[in-house]
1. Quick one: which residues, 5 or more positions from Phe172 or on another chain, have an amide H under 5 Å from its amide H? H modelled 1.01 Å from N in the peptide plane, none for Pro or chain starts.
2. In percent, what relative contact order does region 129-263 have, based on Cα pairs under 8 Å that are 6 or more apart in sequence?
3. Give me, ordered by chain and number, the residues 5 or more places off Ala20 or on other chains with an amide H under 5 Å from its own placed amide H.
4. Quick query: amide H of Val181 versus all other amide H atoms, modeled in the peptide plane; which residues come in under 5 Å with a sequence gap of 5 or more or a different chain?
5. From the Cα gyration tensor of region 199-295, with a ≥ b ≥ c the square roots of its eigenvalues, which class applies: rounded if a/c is under 1.5, or else prolate if a/b is larger than b/c, or else oblate?
6. How do Arg163, Arg286 rank by accessible surface area computed with a 1.4 Å probe, from largest to smallest?
7. Taking only protein heavy atoms into account and a 1.4 Å probe, give the accessible area per residue of region 138-283 in Å².
8. Given the Cα-Cα distance of Val152 and Met14 and 0.36 nm per residue of separation, how much length would full extension add, in nm?
Amino acid sequence: MPLCPPNRVHNGTMIRIGLALGGGGAKGFAHLPILEVFDELGIRPACITGTSIGAILGALYASGHSARNIAEMFHRLIAPPEASFRDLIRNRESLRIFGLIDPHFSFRPKGLIKGEKLLGYLYEQMQVETFEELSIPLRTVATDFWNRTEVVFDRGPLLPAVRASMALPYIFTPVVMDGRVLVDGGLVNNVPHDRLDAGCDIRIAVDIIGTDSTPHGKIPSPLEAIFHTYQVMMDATAQEKLANHPVDIYVRPPLVDVEILDFHKPWEIYEQGLRAKEGFKRDLERLMEGKKTRKGWFSRKTT
């Protein structure tokens, strides 16, 4: 069954847009300016694919929330940058994000965070239990850890699929489903634009891997080695996917010195992501106008 339904119309012309949102932990705040463009143009993607944080934001957007709504959700969870420590203590709402962290206490932990409380919060926001209930068709990507294969979800229970897609090894507890141990989809397909339906007229991929300003001769610390190794792997697979599956627009927000777990600085990440917004908006408008013209010409020639 095609993921992109032919029901998204721009200026009277049917144009189906597929949007792929890449993984990257806290870097996902840079997806928000891209989603804002769709809201400002008054259009919606015909389909969305997402990995890890891209799956989370994709699910929120596909459930009917605007980019502004999603930003407000995070604003309620994370205190604004000017908040003092005293403000944090006084404002219980600003501490809510810490309440969503459910550590996995064990002598042999399978992950530092179970993620169940985060799933509960997502359900509160979406009020959607299955892929079929979403207003925009969605596909999410996870990794079968032991078989080393990609697992794609587009039907059935939504939240477990999202939870599996974001289960970064050792940070989040893996999800066991149908006899498979599932972890973060970024291990196999961090920017899953190849999972967009072939029927899309415009295919867009958003890669939030970013760069860093660390001198390239510096020996990494053990923690830097662990997380940067993930990013090296994610970037390599994303570039290979792009070479084999070209898209119409490939957006790479110019994120610098942002780490996967930098959830404490969403506004800084968002501001960095804003630098890609206007260029993306111009490219999308130009591409849509070209598609509209070509479709109109084809319609006239065949009638």
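The values are calculated or read from the model by the stated rules, or taken from the named source; none is laboratory data. None of the values given here were measured: they were computed from a predicted structure. So basically every Cβ, Gly included, is an ideal-geometry build from the backbone, and we count neighbours across all protein chains shown. When the accessible area is computed, the model is the full protein with side chains, heavy atoms only, and any ligands, DNA or RNA have been set aside. Shrake-Rupley method; radii C 1.70, N 1.55, O 1.52, S 1.80 Å.
1. For Phe172, whose amide H was placed from the backbone, the distant partners under 5 Å are Leu112, Ile113.
2. Details: 193 pairs, mean separation 30.0, N = 135.
Relative contact order, region 129-263: 22 percent.
3. Distant-sequence amide H within range of Ala20: Thr49, Ile204, Ala205, Val206.
4. Correct list: Phe145, Trp146.
5. prolate
6. Arg286, Arg163
7. Normalised by residue count, the accessible surface of region 138-283 is 48 Å².
8. Length gained between Val152 and Met14: 47.0 nm.
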